[in-house]
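Chemist: This structure is in structure tokens; I'll ask about it shortly.
Throughout, read-outs are computed from the coordinates displayed, never taken from laboratory work. Source: prediction; values computed, not measured. Glycine also receives a Cβ, built like all others from the backbone with ideal geometry; neighbour counts cover every protein chain displayed.
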Amino acid sequence: MLIKNLSKSTPCVSKRVLLNDGHFMPLVGLGTYTALDQEVKKTLRMAIEAGYRMFDTAMLYENEVAIGEAIREMIDEGIIRREDIFITTKVWNTYHSQKQVMVSAKKSLENLGLDYVDLLLIHWPTGFKENSGHRPKDSNGKYMYSEIDYTETWLGMEDVLESGLTKSIGVSNFNHKQLERIIEMCEHKPVVNQVECHPYLNQQKLVDFCDEHDIILQAFTPLGRGEINVLSDLALKKIAAAHEKSVAQVAIRFQVQRGVSVIPKSCTKTRIIENMNVFDFTLAEDEMDSLMSLNKNKHVLLKDDMADHPHYPFHEEY
Ligand code: NDP
């Protein structure tokens, strides 16, 4: 079994992993991209009941307010305590200067109605022009970039950490060279790199790099978001049938078993339950090998509309 640093006793269904700053993080959490308003509030309740304790949001998703309301309501009703749950949010591209990172963190906390988040991530290494909306574009419809280097953004992340507004800090969509630059200049290392990861994009080189530096890789779009055929893959179907599990459960278990944290999104009760129910079976070594062999370096989220950004992460091989 490849799971490392797992705590022995956990209050919830998801196992937890020890981060390099001493905090614990659940291995499996709930993605919330595209889930809004009443739907995301209802979803959070179903997820808490199903054993989820980690929720992934971002300023960009425009659901922080609803997520915060759901959490505060459940705290008030005595269903959860703040310390039992793990909230991740992210600093968007238009808040990359050192000072603006703090502005972004405070805005997210105001949206959530919370005193702190558990994990704050730089959403992308690519800064955009500040103070012109989330997606500043010129008259040709092209993104307007900023000159700000993500190492400056990291200084802002460290300021937020030291102010106590987040327990941990990390990055998202960073390649290994970008991570290396952060590691070389930082006082506090990133605890997580959240990147797209599924059997068609297994990110093994980046997983190895992160392992070496005690950084947890967290898999977003672990089910391929329905845009690539991960859930209809024949090899996955065969393994799922052998374990009497669903293909989604195999795709999630695949990550958990290689020590990769994973945040599938669903607003459907049966799937929310299904996606967390991955701790009662083990994939054999040959099944893990077979899943690893499906890699095609295939991205759902290539963001090629910003491929000419100086810090676009996907030119470098991961
Ligand atoms: P996922 O791979 O999690 O796929 C979500 C889709 O799969 C939804 O349409 C959902 O439908 C469906 N689904 C969920 N469970 C099942 C199941 N058991 N069987 C069949 N279909 C299922 O994609 P996401 O892109 O949403 O990634 C997950 C999360 O990662 C995001 O929500 C977000 O929080 C984060 N993320 C982060 C990014 C970043 O840049 N850092 C980028 C992209 C995502 P339904 O809801 O109808 O059940």
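Chemist: Calculate the spin-label point distance for residue 147 paired with residue 227, positioning each point 7 Å from the Cα along the beta-carbon direction, and give it in nanometres.
Modeler: Label at residue 227, label at residue 147, 3.3 nm between them.
Chemist: If you don't mind, another one. Expressed in nm to one decimal, what extension gain is obtained for the pair residue 205 and residue 106 from 0.36 nm per residue of sequence separation less their Cα-Cα distance?
Modeler: Working: separation 99, 0.36 × 99 = 35.64 nm, distance 3.46 nm.
Using 0.36 nm per residue and subtracting the Cα-Cα distance, I get 32.2 nm.
Chemist: Kindly give Rg over Rh for segment 171-314, based on alpha-carbon atoms, with the Kirkwood expression for the hydrodynamic radius.
Modeler: Ratio of gyration radius to Kirkwood radius: 0.99.
Chemist: Work out Dmax and Rg for segment 8-299 from the C-alpha atoms and quote the Rg first, both in angstrom.
Modeler: For segment 8-299, the Cα radius of gyration and maximum Cα-Cα distance read 18.6, 56 Å.
Chemist: Cα gyration tensor of segment 35-139, axes a ≥ b ≥ c as square roots of the eigenvalues: rounded (a/c below 1.5), prolate (a/b > b/c) or oblate?
Modeler: Because a/c hits 1.5 or more and a/b exceeds b/c, segment 35-139 counts as prolate.
Chemist: Same structure again: Listed here are the pairs 15/41; 42/137; 107/265; which of them are more than 30 Å apart at the Cα?
Modeler: 42/137
Chemist: Moving on. Taking a 21 Å limit on the Cα-Cα distance, which of the listed pairs 142/205; 90/189; 237/303; 167/303 fall beyond it?
Modeler: 142/205; 237/303; 167/303
Chemist: Please work out the FRET efficiency for the pair residue 49 and residue 83, using the Cβ-Cβ distance as r and a Förster radius of 22 Å; give the result to the nearest 0.05. Spell out each step's value before the answer.
Modeler: Numbers: r = 19 Å, r/R0 = 0.85.
With R0 = 22 Å, the Cβ-Cβ based efficiency is 0.70.
Chemist: Using Cα centres only, tell me the gap between segment 63-115 and segment 282-318 in whole Å.
Modeler: Cα centroid to Cα centroid, the span is 29 Å.
Chemist: Express in whole angstrom the spacing between the alpha-carbon centres of segment 180-241 and segment 118-164.
Modeler: Centre-to-centre distance over Cα atoms comes out at 22 Å.
Chemist: Place a point 7 Å from Cα of residue 213 in the direction of its Cβ. Which residues in segment 100-135 have their backbone N less than 14 Å from it?
Modeler: Answer for segment 100-135: 122, 125.
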